[in-house]
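Following: one structure in structure tokens, then a few remarks.
The values are calculated or read from the model by the stated rules, or taken from the named source; none is laboratory data. Here the structure is a predicted model, which is why all the values come from computation and not from measurement. As a convention, Cβ positions derive from the backbone with ideal geometry for all residues, glycine included, and neighbour counts pool all protein chains shown.
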Amino acid sequence: MLFKAKVGLICIGLEGERIDYAREFEVQAREHLKDVEILNEPGVLTNKQDITDKVRQLQSMDADAFIFLVGTWILADGVVDTIQKAQGTPVAIWGIPEPVSFSGVGANVLHGALCEMDIQHKLFYGTPDDPDTLLEITDYCAACMATMRLRGARLGLIGGRSISAYPTAADPNQIKAIFGVEVDHIDQMVVLEKARAIKDADALSCFGEIKSKYKSFDAPEDVILKSMKVHMAVQQVIDEYKLDMATIKCLGDFINTYTSCCMAVTLSNDAGRVLSCQCNINATLSMYIMKLLSGNSVTFGDVSTVDYKTREVRVITCGAMPTNMSQNHKDVSWIQQYEYMGKGRGVCPLFCMKEGPVTFGYLGRRNGKYEMLIAPATAFEKQVEEIVSVRTWPQGFMHIDGDPKEFYHNILSNHTCWGYGDFSQRLLEFCELNQVATVKI
């Protein structure tokens, strides 16, 4: 599901100037901005107090962004004063390339004024029916929406760092300061006790609801039921703790004590929730951002190989990937994890990702500072028989658009994240809004 940004489109002008042009610009803008939700009623504002009142009203409506559509030459103080009083919501200016109205000149003075005041903002310049301008605005608004959704969001950290993977750990205070996300630490024992308390009959009923959806389940019934109980227990935790996203350790003590979390991670993401494993906080945060921007399920896993000559990237996960990344659910088999993974093993899906445009994105850190690796690619499909010699896990194959060597050398974790669609520009906009460095391949 693609979330629409909630936007305040505030058309401003100056009495005595060509307000008639401003009105027409606003009519056209509202007609063509189909991919955002405009919260306020139309009308050109020319008074400082009216602008302030409108911004306050829009803030009370949880606007993701304010777009000041500059209809004529204006006096900049009305907007500058208002923004200084109402900090926290992203701001953009839109100037129209039309000479009579002096819209572009008004946008220039406002842009310069905000730069003088060191107020972060975005500048757009183009007619309301220009596809490139509309795409720029839509991408920016999507990034604003993701930014605002993160503020106050809750990330459940179920367990602790797994398999000595340093890059999966993070500083919760840093995440709160940059993104506004609360990291809520929850013991894995909570999931374990909930799973053990679930009756076999209830797990069987839940399994019966999904069994016919897939090609096959090739594992003992008790193993399948344990995996299903973990899935059900994780859903209970997400609901009880009111989590927007979560990550669970799994590897090590949990999989050796009970079973793996592969089914829980897979089915949760299929259902539109954001759940990762190995307690990778940075992957979870990346997945949530990318899901908001793309409207699609996002997953994470290892970059197994990168071929510098063919630009082929092979991705693989240790047993969890949304099955809606397959061409057809009937192509997906569920099989038992192999013994090396732990005593409890559990079940995991086996399939190859379908073809289509894909975007890689991952928030990693260099010397404590976040940066995001962003790379568009195109997935292509291989037969399952070709991939099982490597691992009996879900896998994917992509041809990366940019330099594969640069891509590999800028991976800052054992994991990366990816999802279908090209939303790389939205990721760039998001990072600019949140002052996160980017490496675009």
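Every residue, every condition in (1) among the charged types (D, E, K, R); (2) touching a strand residue (DSSP E or B) at 6+ places or on another chain (Cβ under 7 Å), yes or no:
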position	(1), (2)
Cys115	no, no
Tyr125	no, yes
Arg154	yes, yes
Ala165	no, no
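How many of the residues in the stretch 399-432 are of a type in the set (A, V, I, L, M), farther than 14 Å from Arg365 by Cα and touching a Phe, Trp or Tyr at 6+ places or on another chain (Cβ under 8 Å)? Give the derivation first.
Taking the stretch 399-432 and keeping what is of a type in the set (A, V, I, L, M), we get 400, 411-412, 427-428.
Next, from what is left, pick out any that are farther than 14 Å from Arg365 by Cα: 400, 427-428.
The next check asks that each one be touching a Phe, Trp or Tyr at 6+ places or on another chain (Cβ under 8 Å); those that pass are 400.
Counting residues in the stretch 399-432 that are of a type in the set (A, V, I, L, M), farther than 14 Å from Arg365 by Cα and touching a Phe, Trp or Tyr at 6+ places or on another chain (Cβ under 8 Å) gives 1.
Within the stretch 347-374, which residues are touching a strand residue (DSSP E or B) at 6+ places or on another chain (Cβ under 9 Å) and farther than 17 Å from Leu428 by Cα?
Applying the first criterion (touching a strand residue (DSSP E or B) at 6+ places or on another chain (Cβ under 9 Å)) to the stretch 347-374 yields 347-366, 369-374.
Matches in the stretch 347-374: Val347, Cys348, Pro349, Leu350, Phe351, Cys352, Met353, Lys354, Glu355, Gly356, Pro357, Arg366.
Which strands (runs of 3 or more DSSP E) sit wholly inside the stretch 341-441 and have at least 1 residues that are farther than 17 Å from Pro322 by Cβ and aliphatic (A, V, I, L, M)? Outline the logic, then answer.
Numbers: elements: 347-350, 356-366, 369-380, 395-400, 416-420, 437-440.
In the stretch 341-441, 356-366, 369-380, 395-400, 437-440 are the strands (runs of 3 or more DSSP E) which contain 1 or more residues that are farther than 17 Å from Pro322 by Cβ and aliphatic (A, V, I, L, M).
Please note which helices (runs of 4 or more DSSP H) are completely contained in the stretch 155-221 and include at least 2 residues that are within 19 Å of the chain's Cα centre (by Cα) and either over 20 Å from Asn256 (Cβ atoms) or at pLDDT 95 or above (or both). Steps first, answer last, please.
Values: elements: 172-179, 188-197, 200-211.
Ranges flagged: 172-179.
Can you find a residue in the stretch 172-181 that is under 20 Å from Gly272 (Cα atoms) and in the same structural domain as Lys343 (by TED's automatic domain parsing)?
Here is the first cut: in the stretch 172-181, the ones under 20 Å from Gly272 (Cα atoms) are 181.
Next, from what is left, pick out any that are in the same structural domain as Lys343 (by TED's automatic domain parsing): 181.
Yes, the stretch 172-181 contains a residue that is under 20 Å from Gly272 (Cα atoms) and in the same structural domain as Lys343 (by TED's automatic domain parsing).
This table checks each residue for (1) surrounded by 17 or more Cβ atoms within 10 Å (Cβ to Cβ); (2) more than 16 Å from Ile137 (Cα to Cα).
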| residue | (1), (2) |
| --- | --- |
| Lys34 | no, no |
| Glu41 | no, yes |
| Val44 | yes, yes |
| Gln59 | no, yes |
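I'd like the full set of residues that are of a type in the set (Ser, Thr, Tyr) and over 29 Å from the mean Cα position of the chain (by Cα), limited to the stretch 329-350. Talk me through it step by step, then tell me what you get.
Start the filter on the stretch 329-350 by keeping residues that are of a type in the set (Ser, Thr, Tyr), which leaves 333, 338, 340.
Residues satisfying the conditions are Tyr338, Tyr340.
Taking strands (runs of 3 or more DSSP E) that fall entirely within the stretch 1-79, which contain at least 2 residues that are assigned by TED's automatic domain parsing to the domain that holds Met145, under 27 Å from the mean Cα position of the chain (by Cα) and over 26 Å from Met148 (Cβ atoms)? Full working, then the answer.
Details: elements: 5-12, 36-38, 65-70.
Counting at least 2 such residues, we get no strands (runs of 3 or more DSSP E) at all.
Of these, Asp202, Asp270, which one is acidic (Asp, Glu) and surrounded by fewer than 15 Cβ atoms within 10 Å (Cβ to Cβ)? Reasoning before the result, please.
Numbers: Asp270 fails: surrounded by fewer than 15 Cβ atoms within 10 Å (Cβ to Cβ).
So the residue among Asp202, Asp270 that is acidic (Asp, Glu) and surrounded by fewer than 15 Cβ atoms within 10 Å (Cβ to Cβ) is Asp202.
What number goes with the only condition from (1) touching a His at 6+ places or on another chain (Cβ under 6 Å); (2) at pLDDT below 95; (3) of a type outside the set (D, E, K, R) that Thr378 does not pass?
For Thr378, the failing item is (2).
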